[in-house]
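Notes follow once the structure below has been shown.
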Amino acid sequence: MYVNSGAENVSMSLNFMGRKLRNHTVAPAAKQRAWETTDLSRYQDDPVVSTRVVLSHPIVSSEELPGSVTDLREEVQWRRSCNIHNTLLDQDKDRGKIRVFCRIRPLIRAEQAKRGHTIVTCLDDYSVILETPRGPREFQFDKIFNPECTQEEVFTESSGLIQCAIDGFNVCIFAYGHTGSGKTFTMVGDRDRRNPGIIPRTFTKIFEIIHDNESKFEFKVSAYMLELYNDRLQDLFVSPAEAFSKRIEIKRDRKGLVFAQGAETKEAASAGELFALFEQGCANRHIAATKMNIESSRSHLIIGIMIESRNLTNGSVSFGKLSLVDLAGSERAAKTGAKDDQLKEANSINKSLSALGDVISALSMEQPHVPYRNNKLTQLMQDSLGGNAKTLMFLNISSSDCNLDETLTSLIYATRVKAITNNAQRNVDSKEIAQLKEVILKLKSGQPVEEDV
């Protein structure tokens with residue numbers, strides 16, 4: 001939970017050799033948000049976002065301005081060689097910030113048939129420019145993937161997070177964007193598996209790391225798979241009929257870790273077994289065709305992979321959770337042609353994404369109250385947004401002029417996500433604590449307990 005640090009001074013006591021000397025009152029530092037330095041006078045009707053207007057003839061050379069784009073790019077380039085979550089980036093002023101990668105989808109056949117043109121261009125690896133009726137606008141993210149980037153390149157940039165999960169951290173990778181922007185392609189891949197996405201590649205990577213460390217650690221991998229369909233959580237590891245009658249509740253443990261109580265959790269001993277479970281779940285997912293997407297996801301997909309590792313040397317146990325989330329895309333009924341059941345699905349999707357937007361706005365502005373409980377989606381992602389997790393957001397956008405409004409909204413949305421700070425902590429227990437927890441579990445289940453434990 002976040003507290004508004006600017007609301008009041010903080011009283012502190014100074015101690016020396018166990019004796020209290022005196023009280024001190026410390027005023028909070030004035031934290032300047034990214035968008036507070038931006039001149040948006042030309043865009044009074046725009047939301048408060050961290051964007052810049054691109055001028056064709058700047059009055060002052062950028063080299064003359066401290067903190068200019070040139071300085072920023074030099075700083076980003078210096079940090080670029082570091083792993084995005086484990087080294088210098090976690091030690092600087094942006095420590096704990098949610099990382100945002102932007103992926104640009106090329107024009108599809110339908111857009112080319114309408115003689116659509118590209119309105120999105122990459123200025124460099126970190127900046128994207130959107131052509132709008134009011135002029136070009138530039139947005140900056142941690143990485144930009146142009147339309148020519150391959151699935152392998154996208155996965156390589158994010159694969160370091162998998163090691164974090166195995167090391168005992170909570171990790172979340174989620175894809176956001178309007179319907180038809182390429183989220184499912186990024187996360188899952190294509191139908192014929194020639195271009196697998198992040199999820200299947202993650203399965204392979206997990207067991208590659210396990211194989212490389214099996215002489216030092218003992219691992220256990222398990223997973224659950226859910227969809228949020230029409231404001232209802234459904235278990236994808238059981239039949240649709242059973243899922244409809246099954247009740248799943250969202251809970252949090254003492255460390256703030258979110259888990260789905262009542263969901264079917266299955267163990268996997270190999271990447272093949274994990275992928276087989278994934279295929280089983282995908283067969284039960286709700287998908288339908290709309291005017292904007294022939295395979296539109298009608299629900300949010302949430303995959304949770306739990307990785308427990310036991311150090312064979314000292315007996316310590318770490319527990320990491322890797323959440324892979326494929327969010328359904330925001331829709332406009334007039335453009336998708338949604339009717340009847342599809343219209344109901346679209347309303348549910350938009351409602352949940354709106355609730356997610358409220359949470360992101362509250363966190364980015366450091367409001368004292370964050371409305372996580374307004375929707376099941378935000379409850380599920382509570383530990384990933386402002387919680388105990390290392391989080392990476394994939395922003396998927398269309399480069400076509402016919403999707404200008406949706407693309408601009410998505411870019412604004414993602415800019416706010418960048419301002420959110422998480423506090424990821426490693427989940428590790430000593431040998432003695434791990435043994436005590438094992439005894440408690442046995443007692444709860446009625447199993448016999450050895451006296452020497």
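The values are calculated or read from the model by the stated rules, or taken from the named source; none is laboratory data. Quick caveat: nothing in here was measured; it's all calculated off a predicted structure. Don't worry about glycine lacking a Cβ; one is built from the backbone with ideal geometry, like all the others, and counts go over all protein chains shown. The area values use the complete protein model at the heavy-atom level, side chains included, leaving out ligands, DNA and RNA. Shrake-Rupley method; radii C 1.70, N 1.55, O 1.52, S 1.80 Å.
Worth pointing out:
- Exposure of residue 317 as accessible area (Å², to 10), given a probe of 1.4 Å and all protein chains: 20
- Dimensions in Å of segment 159-250 - Rg and Dmax from alpha carbons: 16.1, 46
- Inter-label distance, nm, simple model (7 Å from Cα along the C-beta direction), residue 231/residue 110: 2.8
- A straight chain from residue 121 to residue 312 at 0.36 nm per residue would run longer than the Cα-Cα distance by 63.7 nm.
- Taking the Cα centre of segment 103-240 as origin and assigning +1 to Lys and Arg Cβ atoms and -1 to Asp and Glu Cβ atoms, the resulting dipole is close to 640 debye.
- Cα→Cβ-extended label distance, 7 Å offset, between residue 208 and residue 421, nm: 3.5
- When nucleic acids and ligands are ignored and a 1.4 Å probe is applied, residue 351 ends up with an accessible area of around 120 Å².
- Length released on extending from residue 445 to residue 153, taking residue separation times 0.36 nm less the Cα-Cα span: 100.5 nm
- Once all protein chains are placed together, residue 211 keeps about 120 Å² accessible to a 1.4 angstrom probe.
- When 148, 131 are compared by accessible area at a 1.4 angstrom probe, the order from most to least is 148, 131.
- Across segment 201-244, the residues whose backbone nitrogen lies under 18 Å from the label position 7 Å along the beta-carbon direction of residue 273 are 202-215, 217-225, 237-238.
- Dividing the mean sequence gap of close Cα pairs (under 8 Å, 6+ apart) by how many residues segment 201-250 holds gives a relative contact order of 20 percent.
- Separation between Cα centres of segment 387-406 and segment 220-256, rounded to whole Å: 25
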